[in-house]
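Right, one structure below, let's go through it.
The values are calculated or read from the model by the stated rules, or taken from the named source; none is laboratory data. All figures in this text were calculated on a predicted structure; none of them were measured in a lab. Because the Cβ atoms are built from the backbone with ideal geometry, glycine has one as well, and the counts that use them run over all protein chains shown. Note: areas computed on protein heavy atoms with side chains; ligands, DNA, RNA excluded. Shrake-Rupley method; radii C 1.70, N 1.55, O 1.52, S 1.80 Å.
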Amino acid sequence: MSQPLVPTGQAQPGSLGLAIDRPEPEVTVLTVSGELDMLTAPQLAASLEQLLAPAPRTLVVDLGGVTFLGSAGLAVLVTAHERAQGREVLRIAAGNRQIRRAFTMTGLDSLLALYESREAALSGA
């Protein structure tokens, strides 16, 4: 039985902060802050699994507050994309150049729906 998703707010160094916003019905924004590494990736994975379970129309993962994105974090996002079964449900806002670089260097920018900002991800532009 899964535990309910509890927003953790601002992240402390070495931790992950999560906040949920529902700007309109069937649209959820998960704002992530802090370090997304092998220690914090399971927390993100659990949150994404819970948010994808009701099959939302759109789930935006806003990485604007992420200071480090490791391979474990990337793997969680790929798994979430696969769970969405190819539908463009999962949109990733990755405007930070350093964070975006992790996607381009691994080739995941061609697999995942990346956007420059939360607003762009919400509009699908």
Residues (over 13 Å from the mean Cα position of the chain (by Cα) and in a helix (DSSP H, G or I)) located in the range 47-82: Ser71, Glu82
Boolean, Leu63 is open to solvent by less than 30 Å² (accessible area, probe 1.4 Å), aliphatic (A, V, I, L, M), touching a helix residue (DSSP H, G or I) at 6+ places or on another chain (Cβ under 7 Å) and farther than 15 Å from Ile20 by Cα: no
